[in-house]
Amino acid sequence: MHLRLKDFRSYPQLSLPLPPGITALTGENGAGKTNVLEAIHLCCLGRSHRTSVDRDMIRAGEETCAVHARVERADRCHEVGVRLYAQARQRKLIYVNGKTVSRLGELMGHMTCVMFSPEDLDIVKGQPQQRRRFLDMMLSQCQPAYFYSLQTYMTVLKQRNALLRAMGKNMGDARQLPAWDEQLALAAAPVVQARRQAVMQLDALSRGHYAHIGGRKEEVLALAYQGTLQSSTDLVADMALALKDSRPEDIRRQTTSVGPHRDDIAVTLSGQDIRVFGSQGQARTAILSMRLSQIEVLEQAQGETPLLLLDDVLSELDMSRRSRLLQRLNRVQTLLTTTDINDLGGVSPAQVLQVTSGRITPA
Ligand SMILES: Nc1ncnc2c1ncn2[C@@H]1O[C@H](COP(=O)(O)OP(=O)(O)OP(=O)(O)O)[C@@H](O)[C@H]1O
Ligand SMILES: [Mg+2]
């Protein structure tokens, strides 16, 4: 694969060939290692893994930046690119195979990645929103249809909430509410359906990875989808009913209190909530296991292995966990960052690169 950057973060210009196997990016703190992984994430998903403010990725003082990646896959060569603008009124441009596309969903799936980053700990330890985002990003890469379903749901949700707020000011028409409820119930069903299915897959796969990396038999990792419709068989009807039940409360609070935008994944270790009882090391092993499972879920959906981006993960694991993780990764194209090249332990990278402010050279 090949990556090109123009005025992206610390890079005025970069052209970087990435051979199959492992590429290790080394360099001091702040050298620009994570920036490279972030650029690849942007090519895959149209957004950063660490900021929701696109213009932060534009090199300071510049008006625009561009990232471009070319990747050979079994079927053919895919080219994707994103251009961002500092000016708020200019929308980001997305390119796929030489053409601009109007919808972000069209970018997804051409090039897929799984990012392991220090911020991942929040997925296990943080708020439900983080876990929903984890699922949404994974599913959007698996099937663009999911991304569109989610967009539809969020649009209808916004409209229902706008009506509830208007009603709070004695302006909205309460008679419109049942119609929005019906729309919202219809839009919720495919989102919940896909997420439930994904969590079941992740649960089965993560358990095995946890046992392998953690190396302790008595610790059993389990994931379960949690929400209004977690065990429903008629998603649309049950969501409609839940919305009806919560209507008085929703009117009072001027917001929608049930639905997939409130759902969560329960992550437990031998039956105990890992958010509350898990140690840092256990939480880290749990998220690694979930990420490794994500690789398999993407492989199954796409028939193609995603690119792995490992940001600073090795230094956070003890030696035995590190080598067990690396054993699992040997067959996949990987980019990893480390400040200390000795961290690599057992791996033999295809190339080792030295990152210094805005430049990358062979180490
Ligand atoms: N928009 C921007 N314009 C110019 N430089 C930027 C921009 N955003 C970030 N940088 C620079 O990029 C550097 C940080 O890059 P990055 O996060 O990739 O570092 P790193 O090598 O991963 O460091 P660490 O080892 O601490 O994780 C900082 O020096 C920062 O000043
Ligand atoms: Mg970094």
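Looking only at the range 25-54, residues that are touching a strand residue (DSSP E or B) at 6+ places or on another chain (Cβ under 7 Å), away from ligand 2 (no atom under 11 Å from the Cβ) and within 23 Å of Val96 (Cα to Cα) come to 9 in all. Of the residues making up the range 290-316, those that are under 13 Å from Leu121 (Cβ atoms) and buried (at least 20 other Cβ atoms within 10 Å of the Cβ) are Met290, Arg291, Asp311, Val313. Scan the range 326-342 for residues that are within 21 Å of the chain's Cα centre (by Cα) and either closer than 20 Å to Asn29 by Cα or among the hydroxyl-bearing types (Ser, Thr, Tyr) (or both) and the total you get is 4.
Leu308 - would you say it is of a type outside the set (Phe, Trp, Tyr) and in contact with a Ser or Thr (Cβ under 9 Å, 6 or more places away or on another chain)? Criteria met by Leu308. Taken across the range 278-287, residues that are hydroxyl-bearing (Ser, Thr, Tyr), surrounded by 14 or more Cβ atoms within 10 Å (Cβ to Cβ), over 17 Å from the mean Cα position of the chain (by Cα) and away from ligand 2 (no atom under 16 Å from the Cβ) do occur, with at least one present. Being touching a His at 6+ places or on another chain (Cβ under 6 Å) and without any contact (Cβ under 8 Å) to a residue 60 or more places away in the chain is the filter here; which residues of the range 51-95 pass it? Answer for the range 51-95, where residues must be touching a His at 6+ places or on another chain (Cβ under 6 Å) and without any contact (Cβ under 8 Å) to a residue 60 or more places away in the chain: His78, Val80, Gly81. Examine the range 313-320 for a residue that is in contact (Cβ under 8 Å) with a residue 12 or more places away in the chain and within 20 Å of Arg133 (Cβ to Cβ), and state whether such a residue exists. Yes: the range 313-320 contains one or more residues that are in contact (Cβ under 8 Å) with a residue 12 or more places away in the chain and within 20 Å of Arg133 (Cβ to Cβ).
Arg328 fulfils the conditions (1) within 16 Å of ligand 1 (Cβ to nearest atom); (2) assigned to a helix (DSSP H, G or I) except for a single criterion, (1).
Candidates Arg160, Arg165, Arg131, Arg175: the one that is within 24 Å of Leu45 (Cα to Cα) and of a type in the set (Lys, Arg) is Arg131.
Among the residues that make up the range 104-119, is at least one of them free of Cβ contacts under 8 Å to residues at least 12 places away in the same chain, of a type outside the set (Gly, Ala, Ser) and in a helix (DSSP H, G or I)? No, that holds for no residue. Only residues that are within 19 Å of Leu310 (Cα to Cα) and either within 16 Å of ligand 2 (Cβ to nearest atom) or without any contact (Cβ under 8 Å) to a residue 12 or more places away in the chain (or both) were counted across the range 10-24, and they come to 2.
Checking the stated criteria, Ser323 turns out not to satisfy the condition of being within 12 Å of ligand 1 (Cβ to nearest atom) and either outside any helix (DSSP H, G or I) or modelled with pLDDT under 90 (or both). The set of residues from the range 118-141 being more than 11 Å from the chain's Cα centre (by Cα) and of a type outside the set (A, V, I, L, M) comprises Pro118, Glu119, Asp122, Lys125, Gly126, Gln127, Pro128, Gln129.
The values are calculated or read from the model by the stated rules, or taken from the named source; none is laboratory data. Computed from a predicted structure; not experimentally measured. Positions of Cβ are generated from backbone atoms using ideal geometry, with glycine treated the same way; all protein chains shown enter the neighbour counts.
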